[in-house]
Amino acid sequence: MSAVAPVAIGIDIGATKIAVGLISPSGAITHRKETPSKGNSSEGLATDLANLIREVVHGEEISSVGIGSAGPIDVQRGTISPVNIPIWRDFPVVELVRDITKIKKVSLLGDVVALVYGEFKLGAARNKLNILGLVVSTGIGGGLILNGEVYNGSTWNGGYIGHTLIGGSDKKCFCGGVGCIEAIASGPSMTKWAKDNGLPISNDAKFEDVAKAALEGNAIAIEAIRLGAQAIGIAAANASAFLDLDAVILGGGVSESGEIFWKPLQEAFAQSKAHNKFLKVQEISSCDLGKDAGLIGAALHGMI
Ligand SMILES: [Zn+2]
């Protein structure tokens, strides 16, 4: 009799790439493939998913499938409408994956929730119960684990911290709001602030260019990143107090810029939560599982 435990398929659907992996119950990735997201057709997404799944499955016994996707998502209908890929609207990803795999047990999570779940089970938030996860890159995403379980909220948008307000900013956000933390602290928002305030960078400059200038000592770049980090630190402290969290983790491209981002982030977080002495969470942690945290988290959640 075979003693090999069944594995799960993990799927991570983002604005830049789609990744599919075979994940063991212990969270190990045995096969993994990815392809750039093609935002020009829904058929492209369907074909890519079918191809990637075919490439990673080699006759293994599959227990379940877990999907983590850029949101908004609708878990009840099993659909996704990633905000950064306008052509994918109400895309029936759960039904499609059931058709491709013939597996009934398919779960759907928001991408940041999937990441937080991975870090909760195996990474930076192991042994914690109440966790906020943040992903800071082209946008700011959030996801929550409360009392050891994924918190979806009423419309599966729980943890939607990027478009909450911390006050003191008149920055217009693409969502229609004014002063959202995403309008202050996403990679493109910090880059725009730096350019508007005199950093000599091109119109298509990226956050990496600002980070590089900051590392070289440019005061405008340092201030752009400090203001963004401060906004995130305040928002994370607000969430920590409001929900009595015991962990905050942060990932995404911006988090890879090192101390120029992390130092002002931790300072703002510590200062903003200092008066709430009950809080167990001491600092914001970086993710442990790297770029596949969401893939692993989605698969592990699918196994429940
Ligand atoms: Zn907004």
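Laboratory data are not the source of any read-out in this text; all were calculated from the coordinates shown. Treat the numbers as computed from the prediction; the structure is a model and nothing was measured. Cβ atoms come from the backbone with ideal geometry, glycine included; neighbour counts cover every protein chain shown.
Determine which lysines satisfy two conditions relative to Lys192: a Cα distance under 24 Å, and not lying fewer than 8 residues away in the same chain.
In chain and number order, the partners are Lys171, Lys172, Lys206, Lys212, Lys263.
Taking the 0 to 90 degree range and rounding to the nearest ten, how far is the long axis of helix 42-56 tilted relative to the main principal axis of the chain, both from C-alpha atoms?
Taking the Cα atoms of the chain, the angle to 42-56 is about 70 degrees.
Packing-wise, with mean Cβ within 10 Å as the measure, how do 45-58, 290-303 rank, highest first?
Put in order of decreasing packing, that is 290-303, 45-58.
What distance in nm separates the two pseudo spin-label positions at Glu256 and Ala270, each 7 Å out from Cα along the beta-carbon direction?
Inter-label distance under the simple model: 2.7 nm.
So which lysines can Lys38 reach, going by Cα to Cα under 18 Å and dropping same-chain residues fewer than 8 places off?
Cross-link targets: Lys17.
Calculate one ³J(HN,Hα) per residue across region 181-190 by plugging θ = phi - 60° into the Karplus curve 6.51 cos²θ - 1.76 cosθ + 1.60, and present them in order as whole Hz with x for glycine and proline.
Using θ = phi - 60°, the values come out as 5, 5, 6, 9, 10, 5, x, x, 5, 5 Hz.
Order 253-266, 102-115 from most to least packed using the mean count of other Cβ atoms within 10 Å.
102-115, 253-266
Rounding to the nearest 20 debye, state how big the charge dipole of the chain is about its Cα centre with +1 on each Lys and Arg Cβ and -1 on each Asp and Glu Cβ.
The dipole magnitude comes to about 300 debye.
Along region 194-206, what does the Karplus equation 6.51 cos²θ - 1.76 cosθ + 1.60 (θ = phi - 60°) give for ³J(HN,Hα), rounded to whole Hz, x for Gly and Pro?
4, 5, 4, 9, x, 6, x, 10, 6, 5, 9, 4, 10
Rounded to the nearest 0.05, what FRET efficiency do Glu61 and Cys175 give with R0 = 45 Å and r taken as the Cβ-Cβ distance? Could you check?
0.55
Could you state the angle between the C-alpha long axis of helix 219-243 and the longest principal axis of the C-alpha atoms of the chain, as a value from 0 to 90 degrees rounded to the nearest 10?
Taking Cα atoms only, the helix is inclined about 60 degrees.
When every alpha-carbon pair in the chain is counted, what percent end up more than 37 Å apart?
16
Using only Cα atoms, tell me the angle between helix 111-122 and the longest principal axis of the chain; keep it within 0 to 90° and round to the nearest 10.
It works out to around 80 degrees.
Return the single residue from Pro72, Pro25, Pro86 with maximal mean-square fluctuation; model: Gaussian network over the chain, springs between Cα atoms under 10 Å.
Pro86
Once fully extended, how much extra length lies between Leu129 and Asn84, figured as 0.36 nm per residue of separation less the alpha-carbon to alpha-carbon distance?
13.1 nm
In nanometres, what is the gap between the two model label sites at Lys102 and Lys212, each 7 Å from Cα along Cα-to-Cβ?
5.1
Amide H to amide H under 5 Å from Ser285: which residues, 5+ apart in sequence or cross-chain, H placed 1.01 Å off N in plane?
Val248, Ile249, Leu250
Just tell me which aspartates and glutamates come within less than 17 Å, Cα to Cα, of Lys277; anything on the same chain fewer than 8 places away is out.
Straight-line reach from Lys277, under 17 Å: Asp244, Asp246, Glu267.
Which whole-Hz couplings ³J(HN,Hα) result when phi for each residue of region 96-109 is put into the Karplus expression 6.51 cos²θ - 1.76 cosθ + 1.60, θ = phi - 60°, listed in order with x for Gly and Pro?
The phi angles translate into 4, 5, 4, 5, 5, 9, 6, 9, 7, 7, 10, 10, 10, 10 Hz.
Using Stokes-Einstein with the Kirkwood hydrodynamic radius over Cα pairs, what translational diffusion coefficient do you get for region 1-95 at 10 °C and a viscosity of 1.306 mPa s, in µm²/s rounded to a whole number?
115
What is the spread of the Cα atoms of region 124-287 along each of their three principal axes, largest first, in whole Å?
Principal-axis extents of the Cα atoms in region 124-287, largest first: 47, 31, 26 Å.
Would you grab the residues whose amide H sits under 5 Å from the one on Asn276? Only those 5+ places off in sequence or on another chain, please, with H modelled 1.01 Å from N.
When sequence neighbours closer than 5 places are left aside, there are no close amide H contacts.
Among Ile85, Ile67, Ile249, which one moves the most in a GNM of the chain with springs linking Cα atoms closer than 10 Å?
Ile85
Using a simple spin-label model with points 7 Å from Cα along the Cα→Cβ vector, what separation in nm is obtained for Val75 and Arg54?
For Val75 paired with Arg54, the spin-label model returns 3.2 nm.
Search the structure for amide H atoms under 5 Å from the amide H of Ala124, placed 1.01 Å from N in the peptide plane, and list their residues when 5 or more places away or on another chain.
Asp288, Leu289
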